[in-house]
Amino acid sequence: MGEGLARPEGGRVPPVHPLVPPGEGRLQDLASVVNALEESGPDEVYNLGALSSVARSWSQPELTAEITGIGTMRLLEALRLTGLSNRVRFYQASSSEMYGRALTSPQDETTPFWPVHPYGMAKVFAHHTTVNYREVHGMFAVAGILFNHESPRRREEFVTRKISRAVARIALGLEDRIALGNLDARRDFGYAPEYVEAMWLMLQQPAPDEYVIATGVTHSVRDWVEEAFRVVGIEDWRRHVGHDPKLLRPTDITELRGDATKAASELGWRPRTSFQELVATMVQAELEAERSLLSDAGAAGA
Ligand code: GDP
């Protein structure tokens with residue numbers, strides 16, 4: 001699939017799966033989306049296409065609105081125009097970033113949205129559009145409101161991957177310091193593969209709905225740093241961590257915490273990976289990747 005249509009977090013092309021015929025389309029271009037849908041004839045459509053970096057959404061606000069917001073409407077329109085909307089089940093990747101400066105905590109499906117950046121605003125537009133196409137056109141259109149979901153496939157512009165990679169490199173003596181912004185921000189961090197299971201479960205239900213997917217537990221960015229250094233056996237982590245004011249955001253969300261009670265009771269979904277296991281998984285993956293690069297370089301130099 002082309003950029004902006006179905007390329008997931010990480011910006012990498014997903015591995016070809018026998019049940020997912022490859023196709024090419026752009027969320028900025030209705031005709032290409034129609035073609036991609038007609039060529040692939042899907043039963044389920046998962047709209048993970050977005051400009052998904054909060055920080056970048058300030059420097060590219062219009063493109064964020066265009067792909068993340070209008071792009072979702074374009075995909076829904078393409079489903080409607082092709083007639084596929086009568087049988088296709090549609091998943092919209094809504095985001096906890098829509099809650100922004102949330103008035104209540106934890107956030108659930110009834111909490112009002114108060115987005116504080118262009119990415120959040122675009123996701124709110126896409127979310128309401130999804131619900132509206134369900135109500136007006138009778139589509140099986142579902143929105144999953146996923147809180148932060150992390151894995152080694154995260155791009156490095158997200159803080160968890162950035163920290164995990166830097167800590168692995170510091171442990172191997174390849175780097176000495178990492179510069180970070182706001183260490184006090186608290187997020188509800190879960191393990192991405194489990195969140196993908198939740199997405200699939202939502203499309204197997206008898207009726208379309210909205211669901212929050214979250215662990216219900218928050219940790220600060222500082223907690224992530226401390227835990228990552230603990231994994232590699234470094235206690236005095238402070239001497240490796242610097243502060244870069246350029247990484248502070250004009251409006252940052254202090255804390256997001258999700259209440260996934262509805263997903264537990266209706267989908268039978270529960271998070272299974274603890275914060276400690278999640279951090280360890282990501283740091284171990286970076287250690288393995290760095291070691292294999294080192295051994296490739298060693299073999300090439302031999
Ligand atoms: P987000 O929750 O989707 O915005 O995910 P991010 O991983 O981009 O950011 C999570 C939190 O980490 C935000 O509150 C950021 O302000 C904070 N943060 C602190 N230092 C950094 C950094 O160097 N990079 C990023 N991306 N975020 C940082």
Legend entry - helices (runs of 4 or more DSSP H) completely within the range 25-122 that count 3 or more residues being within 15 Å of Phe140 (Cα to Cα) and at pLDDT 95 or above: 71-81
Inset, instruction - Take the range 17-40 and flag every residue that is crowded, with 19+ Cβ neighbours inside 10 Å and not β-branched (Val, Ile, Thr). - result: Gly23, Gly25, Arg26, Leu27, Ser32, Ala36, Leu37
Inset, instruction - For residues that are away from the ligand (no atom under 12 Å from the Cβ) and on the phi < 0 side of the Ramachandran plot, tally how many sit in the range 169-182. - result: 8
Inset, instruction - Could you tell me whether the range 112-120 includes any residue that is out of contact with any helix residue (DSSP H, G or I) (no Cβ under 8 Å at 6 or more places or on another chain) and away from the ligand (no atom under 14 Å from the Cβ)? - result: yes
Legend entry - Close pairs (7 angstrom Cβ cut-off, 6 or more residues apart or separate chains): under 16 Å from Ala166 (Cα atoms) and in contact (Cβ under 8 Å) with a residue 12 or more places away in the chain in the range 238-253, within 10 Å of the ligand (Cβ to nearest atom) and part of a helix (DSSP H, G or I) anywhere: Val241/Val225
Inset, instruction - Check Leu75 against each of (1) buried (at least 24 other Cβ atoms within 10 Å of the Cβ); (2) closer than 26 Å to Glu255 by Cα; (3) among the hydrophobic types (A, V, I, L, M, F, W, C) and name the one condition it does not meet. - result: (2)
Inset, instruction - Go over the candidates Ala192, Ala141, Ala166, Ala185 one by one and state the one that is more than 18 Å from Met282 (Cα to Cα), within 15 Å of the ligand (Cβ to nearest atom) and of a type in the set (A, V, I, L, M, F, W, C). - result: Ala185
Inset, instruction - Might you check whether a residue that is among the aliphatic types (A, V, I, L, M), closer than 23 Å to Arg56 by Cα and surrounded by fewer than 14 Cβ atoms within 10 Å (Cβ to Cβ) occurs anywhere in the range 178-185? - result: yes
Inset, instruction - Kindly indicate the residue of the range 247-274 that is part of a helix (DSSP H, G or I) and crowded, with 20+ Cβ neighbours inside 10 Å and also nearest to the ligand (Cβ to nearest atom) among those meeting that condition. - result: Ala263
Inset, instruction - Determine whether the range 84-96 contains at least one residue that is in contact with a Lys or Arg (Cβ under 7 Å, 6 or more places away or on another chain), closer than 22 Å to Asp209 by Cβ and in contact (Cβ under 8 Å) with a residue 40 or more places away in the chain. - result: yes
Legend entry - Residues satisfying the stated conditions in the range 209-246, i.e. within 16 Å of the ligand (Cβ to nearest atom) and closer than 30 Å to Val131 by Cβ: Val212, Ile213, Ala214, Thr215, Val217, Thr218
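The values are calculated or read from the model by the stated rules, or taken from the named source; none is laboratory data. The model shown is predicted, which means the values in this text are computed figures rather than measured ones. Don't worry about glycine lacking a Cβ; one is built from the backbone with ideal geometry, like all the others, and counts go over all protein chains shown.
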